[in-house]
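To start, the structure itself, in structure tokens.
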Amino acid sequence: MGRSGCPLFTTCLPASRGKSARNDMQSKELTEISILSSKPKVDILREPASENLRKLKKRKVLVEQKKRLSAWILFLALLGIVLMVVHTELLRFDNCKWFVYLYLMKCTISFSTIILLILIIAFHVKEIKLFMTDNSLVHWRIAVNSKMLGWIFLEILVCAIHPFPYEQRCKEKEVKQSEPMVFMSEVDIFLSILMFLRVYLLPRTVLLHSKVLVDASYRSIGALNKIKFQYQFVVKILMNTCPGRVLLILTISLWVVSSWVLSVCERDSQSTGNLSSAMWLIPITFLTIGYGDMVPQSVCGKMVCLFTGVMGVGCTALIVAVAAQKLEFTKAEKHVHNFMMDIRYMKQIKCAAANVLGEAWLLHKHTKHGDMSKIRLHQRQLLGAIHVFRRKRIKHKNLKDQVNAMVDISKMQMIMTDLDCNFTSSHHDLEKRIDQLDKKLDEISRLIMTAIESPQLSH
């Protein structure tokens, strides 16, 4: 008996049966072993319906938790940016008067940043759990690789950037008019500007809260067409549904942020150091006008203006593309316009042809009478009518060429497909008839052979 309770084939066979008996014994053993080994595999691969339902419920809970965490992460990131802007603007005033409040505001920025980092780590933990649930993984190390860890570390590093609170003393003294205004240090300015990198969290939150990711039909059709549902796809959907609104929000946001960053970079300049001057310089640079009345002095300000000019060229191209798309005819409008223009050109062609015939008849009539003045007059009018007729024909031909759009190509493709089907069916019918003719010819040849051989058999 074996371990599983089934008898093993260990009976000794007589030597007279030879090789065939041994082969039969080996085939029986292989059959028995395959049956015994196949049972536990079926039990392992088969999962009950309750397990699949549990995975679906767990996945739904993890997706909801990811959505809530992404919303809180975006809120804390934007809160840190707003506090940083308020802190920077308050530094323009008397430092000693607002020293305690400014220090507490810096501490608040640091505290919100710590909570933000904790939530980011929790978000990625939920993402790993969701990946494990979708792929039925047991250990988390299988779902994590070095590339994923590198992106997580980079995200934590980017979100950790902020002006850190440090010990600073406020000394009240009389400030002369010739002495420059006390402002932020270079390190604080650099860290404050880099806090705008947290805006990258906005597309991810929009993706998690969009209907594209929640809708089952979107996901199923996208999976069949091998489409990855990332924020680029959501941005394309928004640009196709409401392009004007998206471009307006993008342009205004870029103007406001770039103007504030330029005013901070040009804090020592009298011309572009205030926010109103920066808000004039940024749109002028964005629209690639460049009057030259204001010029940035610092390296940071020049980089901001360069970035604004590049973004202005890109946004201008998008605006032109959207405007051209809006000015295009729809399919129905295009068909109506082409149909009416075709009728109009056909009427004009008929009128021009009638004028040509009329002038030809008048020329023939006056030629018979021999009136030379009338002949020359109607010759000129006949040539003019012929030129008008040719122009109308050329316009009608150009209209026919313009009508060959994608709709007409698809219609032509359908016509060609129908013709192909008809040719195929005709070909099959022809093959059947040829086969029938072959059979009849074989029968005729067989009858002829029998008729030829029958007299010889009678003799």
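Summary table
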quantity	calculated
FRET E, pair VAL158, ASP293, Förster distance 35 Å, beta-carbon r, rounded to 0.05	0.45
Difference of contour (0.36 nm per residue) and Cα-Cα distance, VAL320 to LYS440	35.9 nm
Ellipsoid equivalent to the range 302-389 - semi-axes via the Cα gyration tensor, in Å	59, 19, 4
Radius 12 Å from Cβ of PHE75, net charge of other residues (Lys, Arg +1; Asp, Glu -1)	+2
Sulfur and carbon atoms: percent of accessible area, the range 318-459 [1.4 Å]	63 percent
Whole-angstrom Cα spans of the range 245-285 along principal axes, big to small	36, 16, 13
Sorted peptide list for 277-286, 99-108, 135-144, criterion being average Cβ within 10 angstrom, highest first	277-286, 99-108, 135-144
Mean accessible surface per residue for the range 311-459, computed with a 1.4 Å probe while every protein chain stays in place, in Å²	82 Å²
Equivalent ellipsoid, the range 349-448 (semi-axes from 5 times Cα gyration tensor eigenvalues, Å)	61, 25, 7
Sequence of MET195, MET239 when ordered by accessible area, the most exposed leading, probe 1.4 angstrom	MET239, MET195
Cα centroid separation, the range 374-401 to the range 238-296 (Å)	58 Å
Residue pairs, from the table LYS55/LYS129; LYS55/LYS126; LYS365/LYS392; LYS347/LYS368, whose Cα atoms sit over 22 Å apart	LYS365/LYS392; LYS347/LYS368
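The values are calculated or read from the model by the stated rules, or taken from the named source; none is laboratory data. Please read all numbers here as calculations on a predicted model, not as lab measurements. Methodologically, a virtual Cβ is constructed for each residue, glycine included, from the backbone with ideal geometry; neighbour enumeration extends over all protein chains shown. Please note that ligands, DNA and RNA were not included when accessible areas were found on the heavy atoms of the full protein model with its side chains. Shrake-Rupley method; radii C 1.70, N 1.55, O 1.52, S 1.80 Å.
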